[in-house]
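Comments concern the structure below.
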Amino acid sequence: MRRLLLLGVTAFCLCVFVAADTQLDRQGDKSFPERDGVLQLKKGNFNRALRKYKQLLVYFYAPLSGQGHRVSAAFEGAAAELQESEVKLAVVDVAEEKDLAKDLNATSPPTIRLYLAGDKHNPILCPVPQSSASILTWLKRRAGSAADLITDLSQSEASEELTVVGFFKELDHEYVQVFYTAAIDLPDVSFAVTQTSEVISKYGLTHDVVLLLKKSKLIQAYKMMPQTSKEELIIFITVYQMDPVTEYTGETATHILTSPVLNHALLFVNKSSADFKEIYSAFKSAAEPFRLKILFVWVNVDEPRNGRLMEYFRVRDLEAPLIRMVNLTDHVTYHLPSDTLDVETIKKFCQSYLDGKAKPKMQSELIPEGWDKKPVKELVGMTLEKVAFNPNKTVFVLFYLPYSQESRALFPLWEELAEALQEREDVVVARIDASANDINMSMQGTYPSLCLFPALYAERVVVYTGKRKLKDLVRFMDKEMEKAKKYRVKEDEDRRKYIETIKAEEAKKASKTKEEL
């Protein structure tokens with residue numbers, strides 16, 4: 001009897017729990033606040049959300065970024081379409097949830113990740129979407145196969161938008177897998193697969209080829225090869241998706257800055273000038289041979305909204321027209337050294353840049369008054385090498401971008417470092433604006449960059465990659481100074497021998513001259 005009573009109580013409790021859980025699902029789990037169907041996650045509920053949802057697509061965003069508003073709107077639209085699916089959308093404000101962002105290594109927004117089955121450590125990166133349709137397409141393609149792309153091309157050929165068509169003889173060929181993985185990474189682009197011979201014969205090509213079509217017109221064709229990688233195919237598609245020359249505007253800025261082609265040629269020109277058409281035509285003609293190597297962009301200096309870009313390149317409207325070349329990895333700028341902007345001059349400059357023969361354009365701010373009076377010395381292009389390569393000083397320099405939040409966040413730490421080392425006369429702590437001063441030295445990685453210049457005659461640079469804490473910086477510097485002392489002993493000995501050799505040769509010459517007299 002007692003056993004039956006216990007079973008009855010247990011069954012009753014289970015019913016209560018199930019009912020409560022059902023009621024909670026109907027009312028919405030208050031531990032997961034939502035806005036327009038998108039979870040608002042924090043450090044306290046992130047892990048629970050991972051456990052609850054089989055597929056959790058999370059957008060790590062910075063609230064003040066312009067791109068953030070567009071992606072947030074895309075997330076809200078996609079959330080409405082995915083209400084009955086296994087996928088749940090969520091956002092994390094990295095400015096507010098700094099510890100969570102750091103723990104997940106998501107401190108550089110925008111970052112979008114898909115977490116599967118509660119796996120916190122192996123998320124799948126999602127491309128930054130242009131719209132809610134981009135998100136839905138990415139999820140669909142990620143879960144599907146190339147067979148899903150087999151379509152009737154009659155509608156695609158007439159489309160105003162670019163369509164990427166893969167013509168393959170066999171759908172199980174490895175070429176098809178490369179094609180499909182590219183399609184997953186480019187959800188904003190229309191993809192299709194066909195095996196219809198009539199289509200390929202229309203364009204006079206063979207199988208295993210990728211066609212870029214717009215309004216039934218063949219824009220470009222790409223022959224798949226055994227060595228073709230997904231990355232190479234993506235570069236081909238994204239480059240020919242854009243015009244040979246792209247105007248820099250608010251709408252095109254994202255496409256330009258996220259292009260896989262990192263070498264950019266920028267034409268700064270006044271659109272209303274009398275010679276605009278002639279210069280633009282020459283620039284466009286020069287672009288064709290370099291389509292997969294250099295991205296050609298023109299900037300209207302008469303457009304007020306381009307002021308920030310012009311300030312970055314230190315271009316005044318009165319200086320236009322001019323052409324600058326920049327690589328988005330090292331930020332080194334090159335200037336076309338000519339007042340004549342014809343096709344051959346532009347092509348010659350581009351080729352010299354690719355061949356490594358072009359000389360970088362050096363820029364420098366004026367030396368600020370009292371630049372060496374404060375704990376952190378303010379360097380410019382004209383003073384950088386003189387200070388940094390002083391053989392009797394160990395110099396620690398912060399290369400920063402003034403508009404970068406990550407750069408500005410290091411300023412207090414750099415002041416703290418300078419104060420801590422103020423009594424050490426053999427150490428200099430300095431900083432330099434890398435956007436206002438061209439740096440004529442090889443810099444590894446992106447800015448901000450922390451570089452130590454040891455007290456040596458040899459011009460050495462050691463890039464610091466450790467934790468950005470005061471004690472770690474000091475420990476790194478002391479370790480490098482000990483290394484430099486050992487090298488310095490050898491340097492001094494070599495210099496002594498060299499000076500003695502020079503003196504001996506001079507004495508020998510003087511003696512010979514005296515004998516001749």
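The values are calculated or read from the model by the stated rules, or taken from the named source; none is laboratory data. Owing to the predicted nature of the structure, the values given are computational and were not obtained by experimental measurement. Positions of Cβ are backbone-derived with ideal geometry, glycine not excepted, and every protein chain shown enters the neighbour counts. With ligands, DNA and RNA removed, areas are computed over all heavy atoms of the protein, side chains included. Shrake-Rupley method; radii C 1.70, N 1.55, O 1.52, S 1.80 Å.
Table for the structure above
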| quantity | calculated |
| --- | --- |
| Only one of 226, 244 that is in contact with a Lys or Arg (Cβ under 8 Å, 6 or more places away or on another chain) and more than 22 Å from residue 329 (Cβ to Cβ) | 244 |
| Yes/no for residue 102 being among the basic types (Lys, Arg) and at pLDDT 90 or above | no |
| Residue among 231, 161, 170 that is assigned to a loop (DSSP other than H, G, I, E, B) and closer than 28 Å to residue 128 by Cα | 161 |
| Condition met for residue 341 (assigned to a loop (DSSP other than H, G, I, E, B) and at pLDDT 90 or above) | yes |
| Matching residues, the stretch 267-309, being among the basic types (Lys, Arg) and part of a helix (DSSP H, G or I) | 277, 284, 305, 308 |
| Residue pairs meeting the criteria (Cβ under 6 Å; at least 6 apart or on separate chains; first closer than 16 Å to residue 342 by Cα and hydrophobic (A, V, I, L, M, F, W, C), in the stretch 271-294; second open to solvent by 60 Å² or more (accessible area, probe 1.4 Å) and part of a helix (DSSP H, G or I)) | 286/347 |
| Hits in the stretch 151-164 - residues which are at pLDDT below 90, of a type outside the set (Ser, Thr, Tyr) and within 18 Å of residue 186 (Cβ to Cβ) | 160, 161, 162 |
| Long-range neighbours under 8 Å by Cβ, at least six apart or interchain, first residue closer than 14 Å to residue 149 by Cα and open to solvent by 20 Å² or more (accessible area, probe 1.4 Å) within the stretch 173-186, second assigned to a helix (DSSP H, G or I) and not hydrophobic (A, V, I, L, M, F, W, C) | 178/230; 181/230; 184/141; 184/142; 186/238 |
| Test: residue 16 is surrounded by 14 or more Cβ atoms within 10 Å (Cβ to Cβ) and either among the hydrophobic types (A, V, I, L, M, F, W, C) or at pLDDT below 70 (or both) | no |
| The stretch 112-126, subset within 14 Å of residue 185 (Cα to Cα) and touching a residue at least 40 places away in the same chain (Cβ under 8 Å), residue surrounded by the most Cβ atoms within 10 Å (Cβ to Cβ) | 112 |
| Residue ID - least open to solvent (accessible area, probe 1.4 Å), chosen from residues in the stretch 94-110 that are more than 17 Å from residue 121 (Cα to Cα) and aliphatic (A, V, I, L, M) | 94 |
| Near pairs, Cβ below 8 angstrom, 6+ apart or cross-chain, from the stretch 66-79 (closer than 14 Å to residue 56 by Cα and in contact (Cβ under 8 Å) with a residue 40 or more places away in the chain) to any residue that is open to solvent by less than 30 Å² (accessible area, probe 1.4 Å) and assigned to a helix (DSSP H, G or I) | 75/135; 78/135 |
| Criterion violated by residue 340 - all others in (1) touching a residue at least 60 places away in the same chain (Cβ under 8 Å); (2) open to solvent by 60 Å² or more (accessible area, probe 1.4 Å); (3) more than 30 Å from residue 413 (Cα to Cα); (4) hydroxyl-bearing (Ser, Thr, Tyr) satisfied | (1) |
| Every pair of residues 6+ apart whose Cβ atoms lie under 7 Å, when the first sits in the stretch 132-150 and is in a helix (DSSP H, G or I) while the second is open to solvent by 30 Å² or more (accessible area, probe 1.4 Å) and at pLDDT below 85 | 146/171; 147/171 |
| Identity of the residue in the stretch 223-247, open to solvent by less than 50 Å² (accessible area, probe 1.4 Å) and under 14 Å from residue 163 (Cβ atoms), that ends up farthest from the chain's Cα centre (by Cα) | 240 |
| For residue 168: the one exception among (1) closer than 22 Å to residue 232 by Cβ; (2) open to solvent by 10 Å² or more (accessible area, probe 1.4 Å); (3) modelled with pLDDT under 90 | (2) |
| Residue 480 vs. criteria assigned to a helix (DSSP H, G or I) and either touching an Asp or Glu at 6+ places or on another chain (Cβ under 9 Å) or loosely packed, with under 12 Cβ neighbours inside 10 Å (or both) | no |
| The stretch 37-79: number of residues that are surrounded by fewer than 15 Cβ atoms within 10 Å (Cβ to Cβ), assigned to a helix (DSSP H, G or I) and at pLDDT 90 or above | 3 |
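So that you can scan it fast, the table gives a plain yes or no per residue for (1) surrounded by fewer than 17 Cβ atoms within 10 Å (Cβ to Cβ); (2) modelled with pLDDT of 90 or more; (3) within 29 Å of residue 233 (Cβ to Cβ):
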site: 267; (1), (2), (3): no, yes, yes
site: 275; (1), (2), (3): yes, yes, no
site: 281; (1), (2), (3): yes, yes, no
site: 290; (1), (2), (3): no, yes, yes
site: 308; (1), (2), (3): yes, no, no
site: 311; (1), (2), (3): yes, no, no
site: 319; (1), (2), (3): yes, no, no
site: 326; (1), (2), (3): no, yes, yes
site: 329; (1), (2), (3): yes, no, yes
